[in-house]
Each structure stands twice: as structure tokens, then as C-alpha cells.
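The values are calculated or read from the model by the stated rules, or taken from the named source; none is laboratory data. Values in this document were obtained by computation on a predicted structure and should not be read as measured data. Using ideal geometry, Cβ is built from the backbone for each residue, glycine included, and neighbour counts are taken over all protein chains shown. Side chains included, ligands, DNA and RNA excluded: accessible areas come from the protein's heavy atoms. Shrake-Rupley method; radii C 1.70, N 1.55, O 1.52, S 1.80 Å.
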Amino acid sequence: MGLFDRFKKKTQTAAKACPAQQVEPDTLCILVMDRVLQDASQAGEIVKSAFGSEALGGIDSDNPPITHMVVKLEGAEFWCSYMPFPVPPEEMTIPDTPQYSLFDQEEYQALCGSKSFWIIVQKGGGQSLESKRRVCSLLTRLAGALLKMEGAIGVYVSAAELLISRRVYLQHVDILEKNMKDPDYFPASLWIAIRQGQKGDRLLMGTWGLRQFGFLELWFLDPKSQWAEIHEKLYLMSVFQITGKELYKNEDTIAFTPGNITVFKEMNGALFLVGGDV
């Protein structure tokens, strides 16, 4: 059994899987800053340097330091606004403790003390799974370019309640740039969070953010495998759905190892993977 065969359902879907629910048409992220910029118009120069002068559709800095600009990438328009105050608590969920795969202790402290932020929004471009995937990839590249701005320290993705340090985000942007023509690649770790919880005395591990792509969240109920193995499975299954290779549904089955069947059970608006000694 090949590595990727483990993530194929026993009941095969059509060649091109489609989301079971509505894809969220709007896409956004927040660029977190550790200082208040006196001149935020530097962002326009960064955009032109990264994507060409034609990418900067316009910039309004008549009321500095508040700045608004429009960025045009491959036909999609992104609205970027700089706000010279900390990210409002209701707009950004900060984890209680550092998640070391996303930021270290020093980065965590800096992110907790944000001084200002940019909000980057693409309105209405994600009408289908294919267009949503494209917009997310373009926004990732744009955020990656703006992270090179002085004072930029991380990115927050509201749809996944996912906070990522500048260092980690740029590592994944670099991987994306090298895989732009690969239809099987998607930077899931920049758009999907992995969460952990308890149901009674049983461990839960699952995704947070698949709903923006039109899919139910995936959760392992009482997994037996190591955290890193479950983490990898959740990301790979997310990528298979986001890239249109698979669509997991209630009562489907999957075998991560020969002879051990795991069943998908839809409960409370999510898909739980049960059994199979995973």
C-alpha cells in the first residue's frame, strides 16, 4: 500500500470531488505588527518590488498612518488596510500557551503584544473550490511579501483561528513558490489549524478551518497513534479534499493500515474518524 493510498476511501468518489457545503467566497488574514508605522506607504513599494508596478492598483495615505491600498494579482483584487492600533481581542484568538510548531516563546510574547496590524481581504473570489484555492494561494504570497516589512511579526487567519509567526509563515511561502504549478500541492498548514480536546476521558484531535473550503471538520476520536502521526494524517486528508482528490462523507470507510477499517461518523456538524486502531 503506497503512502497516499492510505488516505483513499474504500468507496471511490468521482474523479473530481466537490465540497459538500458552500465555499466561503471571502478570504482574509491579519498581518500582525510589533510597532506603529509612521509611514505605512512603504507597503506599496514592497508590493511593486515583489509583483511588479502594475500590481499596485492604488494607495491612499491621505490620513497617515492609516493607509489603504488595492493590490491586483492575476485578476484578483486584494484590499489592504493598515490600522495603527493593536488587533482587537475579538478579532484575534491568541493561544493560552505557545504552539512550538507555529512560533517559539519569544515570538509568542511579541504576537501577544501587537501594536498595529494590516487586514488583507479578497471579496467574493472564492465562489468554487478551485477559485478559493487560487485566492488562498495568492493571498499567501501577498502576505509573505508584506511580512518582509519592518515590524511585521506574524499572520492570523480568522477562519481557522490560526496564529503563525513570521519565521514559520515565510518557510511555507517559500515551499509554495516552488510548487506553484503542482496541482496536488496546497499550503494547508497556513489555512487549517489542528486542535486537541477531550470528550469525557477520550482524546480528540481535529481540524479547524476546513469549513471555509466547504468541508466538514475532520476529528479523530480517541486516537492511539502519536500526536505527530495524527497531525500528518489530518493535514494530508485536508489537502486531498482541498485539491479535489477526495470527499469524505458520513459512513465512508478508510484503512490507514491493511485490515484495520476506520469509519467516518458525522456528529455535531463534523466528521469523526472512529476505530481502526489509528
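Once the Cβ-Cβ distance of Glu130 and Lys48 is raised to the sixth power relative to R0 = 35 Å, the FRET efficiency obtained is 0.80.
Can you sort Lys265, Lys132 by 1.4 Å-probe accessible area, starting with the largest?
Lys265, Lys132
Averaged over residues, the count of other Cβ atoms within 10 Å places the peptides 53-61, 246-254 in the sequence 246-254, 53-61, highest first. Put a dot 7 Å past the Cα of Thr93, heading toward its Cβ, do the same for Lys123, and the two dots end up 2.7 nm apart.
Taking the alpha carbon gyration tensor of the stretch 53-129, multiplying each eigenvalue by 5 and rooting it gives semi-axes of 28, 18, 11 Å, largest first. Rounded to the nearest whole angstrom, the semi-axes of the ellipsoid equivalent to the stretch 167-267, taken from the Cα gyration tensor as √(5λ), stand at 25, 16, 13, largest first. Counting every alpha-carbon pair across the stretch 155-202, the share separated by more than 16 Å comes to 51%. In vacuo Debye scattering of the stretch 94-235, one point per C-alpha: log10 I(q)/I(0) at q = 0.11, 0.15, 0.21 Å⁻¹? Result of the Debye calculation: -0.45, -0.83, -1.45.
From the gyration tensor of the Cα coordinates in the chain, what semi-axes in whole Å does the equivalent ellipsoid have, largest first, with each one equal to sqrt(5λ)?
Gyration-tensor ellipsoid for the chain: 36, 21, 15 Å.
The residue among Trp219, Thr140, Ile194 whose Cα reaches farthest toward the positive pole of the charge dipole of the chain, with charges on the beta-carbon of Lys, Arg, Asp and Glu, is Trp219.
On the chain, 51 percent of the accessible area sits on carbon and sulfur atoms, based on a 1.4 Å probe. Per the Kirkwood formula applied to alpha carbons, the stretch 99-180 shows a radius of gyration over Rh ratio, Rg over Rh, of 0.97. If I model the stretch 217-278 as equal point scatterers sitting on the Cα atoms and use the Debye formula, what is log10 I(q)/I(0) at q = 0.12, 0.13, 0.25, 0.26 Å⁻¹? Evaluating at q = 0.12, 0.13, 0.25, 0.26 Å⁻¹ gives log10 I(q)/I(0) of -0.26, -0.31, -1.21, -1.30. Loop-located chymotrypsin sites (Phe, Trp or Tyr not before Pro) across the stretch 66-163 with a Cβ neighbour count of 11 or fewer within 10 Å are Tyr100, with loop assigned by DSSP. Averaging Cα coordinates gives a centre for the stretch 165-237 and one for the stretch 101-121; these two points are 20 Å apart.
Of the DSSP H helices in the chain, those that are both long (alpha-carbon extent of 15 Å or more along the helix axis) and hydrophobic (Kyte-Doolittle mean at least -0.5) are 129-146, 227-242.
Cross-link check: pairs Lys178/Lys233; Lys181/Lys233; Lys123/Lys148; Lys148/Lys181; Lys181/Lys224; Lys178/Lys199 evaluated at a Cα-Cα cut-off of 32 Å; pairs beyond the cut-off: Lys181/Lys224; Lys178/Lys199.
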